[in-house]
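Below: one structure, written as structure tokens.
The values are calculated or read from the model by the stated rules, or taken from the named source; none is laboratory data. Note that this is a predicted model, so its numbers are computed, not measured. Methodologically, a virtual Cβ is constructed for each residue, glycine included, from the backbone with ideal geometry; neighbour enumeration extends over all protein chains shown.
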Amino acid sequence: MSFDQMMIKFSAPTLCNIKSGNMFFARNNTFSQTSFDTWKASLNKYGIAIFCLHLSEKGYEVSNAFDFVNDLFNRMENEQGFPHEIGVILGYPVEDVIEFEKHQGKNCKYCGCWKRYSKAA
């Protein structure tokens with residue numbers, strides 16, 4: 001399945017306002033930066049933001065959502081506290097999860113249900 005096909009298949013419920021967001025994994029040989037950039041520019045015109053999170057930067061060597069969740073739970077059991085990337089699973093904006101970790105939870109623009117580092121709504 002191509003990256004464009006994955007975007008259509010997995011994002012359709014969100015794009016049709018059936019659900020508030022979605023997440024899917026694309027293997028390196030499937031992911032297309034060009035297609036991603038095209039989708040991002042097109043959807044941004046409608047106020048829809050998409051993000052690419054390379055979990056391998058965090059040491060996740062997984063190829064599907066089940067392996068990721070299993071790895072995440074193992075990290076939660078073996079470490080003190082929650083890995084910051086769990087915020088993505090909880091629906092927090094990716095940019096806020098990244099900035100929270102970068103700023104160690106300080107200097108946020110707004111504090112509510114989560115610490116907001118991007119434009120305060």
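Sort out which residues of segment 15-48 are among the hydrophobic types (A, V, I, L, M, F, W, C) and either touching a strand residue (DSSP E or B) at 6+ places or on another chain (Cβ under 6 Å) or touching a residue at least 40 places away in the same chain (Cβ under 8 Å) (or both), and write them in order of number.
Met23, Phe24, Phe25
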Report the residue count in segment 37-69 for those that are more than 21 Å from Phe10 (Cα to Cα), of a type outside the set (Phe, Trp, Tyr) and surrounded by 11 or more Cβ atoms within 10 Å (Cβ to Cβ).
1
Counting only helices (runs of 4 or more DSSP H) wholly inside segment 23-101, the ones holding at least 2 residues that are out of contact with any Ser or Thr (no Cβ under 8 Å at 6 or more places or on another chain) and at pLDDT below 80 are 65-78, 86-89
So which of Leu55, Leu72 ends up being in contact (Cβ under 8 Å) with a residue 24 or more places away in the chain and either closer than 18 Å to Leu90 by Cα or in contact with a Cys (Cβ under 8 Å, 6 or more places away or on another chain) (or both)?
Leu55
Would you be able to tell me the number of residues in segment 102-121 that are out of contact with any Cys (no Cβ under 8 Å at 6 or more places or on another chain), at pLDDT 85 or above and either in a helix (DSSP H, G or I) or surrounded by 10 or more Cβ atoms within 10 Å (Cβ to Cβ) (or both)?
8
